[in-house]
1. Let me spell it out: the conditions are (1) under 24 Å from GLU29 (Cβ atoms); (2) open to solvent by less than 40 Å² (accessible area, probe 1.4 Å); (3) assigned to a helix (DSSP H, G or I), and ALA96 meets all of them except one. Which number is the exception?
2. Just to be sure, is ARG69 at pLDDT 95 or above, exposed (fewer than 15 other Cβ atoms within 10 Å of the Cβ) and closer than 20 Å to HIS120 by Cβ?
3. Picking from THR78, THR48, which residue would you name as being of a type in the set (Val, Ile, Thr) and free of Cβ contacts under 8 Å to residues at least 40 places away in the same chain?
4. Output the number of residues of region 56-75 satisfying the condition of being farther than 13 Å from LEU33 by Cα and free of Cβ contacts under 8 Å to residues at least 12 places away in the same chain.
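The values are calculated or read from the model by the stated rules, or taken from the named source; none is laboratory data. All of these numbers come straight from a predicted model, not from anything done at the bench. Note: ideal-geometry Cβ built from the backbone for every residue, glycine included; neighbour counts use all protein chains shown. The area values use the complete protein model at the heavy-atom level, side chains included, leaving out ligands, DNA and RNA. Shrake-Rupley method; radii C 1.70, N 1.55, O 1.52, S 1.80 Å.
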Amino acid sequence: MSKLPFSLRACTLLCVSLLAAAPVAHAGEIKMLMQDMKLAMRGAMASTTMPELSGYVTRLESDVQQASRQPYRSDQPTYNEGMQALRQELAEVDQAIHANDMNAAKQALCRINDTKKHYHDLLD
């Protein structure tokens, strides 16, 4: 066994462990964001005022933006396609919010839920 200085061995072990943990960290971050999206979606659908709905949609958009930047190791093209579809549907929700049309906003959110199911099936 080679006699590397302690600090070089420690650095090597740290680098190897960080590289090994990187995919897990990304998967964990995506999972956390998806869980928060689920909570934001529930809150939005239960909203009774436009400011409340708008706040949940803003949170949802932030989560989507963060999740869009995450690598997805098993099928990146399909993941990217799903994130793009989600951003487009959120733009429809925003249009309904700006028009002060809660019914249309919630209908657009329902379509987002259908898209979510579709892409979850493709990525499972």
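1. Exception for ALA96: condition (1).
2. no
3. THR48
4. Residues flagged as farther than 13 Å from LEU33 by Cα and free of Cβ contacts under 8 Å to residues at least 12 places away in the same chain within region 56-75 amount to 1.
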